[in-house]
Amino acid sequence: MWKCEHVVGAGLDVEEVAGLYRASTLAERRPVDDVERFARMLAGANLVVTARTDDGRLIGIARSMTDGSYVTYLSDLAVDAEFQGRGVGRDLIRVTREAAPQAKLILLSAPGAVDYYPHIGFTHHDSAWTLPGLGA
Ligand SMILES: CC(C)(COP(=O)(O)OP(=O)(O)OC[C@H]1O[C@@H](n2cnc3c(N)ncnc32)[C@H](O)[C@@H]1OP(=O)(O)O)[C@@H](O)C(=O)NCCC(=O)NCCS
């Protein structure tokens, strides 16, 4: 079994979390090898939920930014491939929602997860818009 809990992102072990991103495949689309930038990603997210096995192994994470009231932006959802398909992702989202119950949850799906979100109750939105970062 596993346990999901709300944690402080800045308190996480950056290498441990980078290992999870790699084990989930999300590392292909996140700057995990830029350790300083990845550490800022973890520290800057104000709603971070982790899933750990009973013996403490990190097997999942949901990393969000929320105002605690109106909206929660879920940036990264990652589950170790060895533990996928057992309900860990669903549980991480449940705990994320419970941390800000009035807030709607918004995310951009990874290509491999486009069928996952409707499966667990999300509604498709056809007017999402993005701008790239300005760079360094
Ligand atoms: C997408 C991901 C977070 C899902 O987490 P998970 O713990 O494997 O999912 P769950 O076990 O909670 O799945 C719940 C249900 O969705 C289904 N499901 C899981 N992954 C799916 C996928 N990629 N596509 C469609 N359905 C999926 C499960 O079979 C399960 O169905 P059931 O309730 O009918 O049995 C996880 O597979 C992952 O980390 N993928 C790689 C990284 C990634 O793409 N992250 C998303 C970034 S936006």
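The values are calculated or read from the model by the stated rules, or taken from the named source; none is laboratory data. Nothing here was measured: the structure is a model prediction, and the numbers come from that model. Cβ atoms come from the backbone with ideal geometry, glycine included; neighbour counts cover every protein chain shown. Note: accessible area is taken over every heavy atom of the protein model, side chains too, but ligands, DNA and RNA are not part of it. Shrake-Rupley method; radii C 1.70, N 1.55, O 1.52, S 1.80 Å.
General remarks:
- Of all residue pairs spaced 6 or more apart or on separate chains, those with beta-carbon atoms under 7 Å, a first member in segment 116-127 that is within 14 Å of ARG97 (Cβ to Cβ) and near the ligand (Cβ under 10 Å from one of its atoms) and a second member that is at pLDDT 95 or above and among the small types (Gly, Ala, Ser) are TYR117/SER109.
- Where helices (runs of 4 or more DSSP H) fall wholly inside segment 1-111, the ranges with 1 or more residues that are open to solvent by 50 Å² or more (accessible area, probe 1.4 Å) and within 14 Å of the ligand (Cβ to nearest atom) are 14-24, 88-99.
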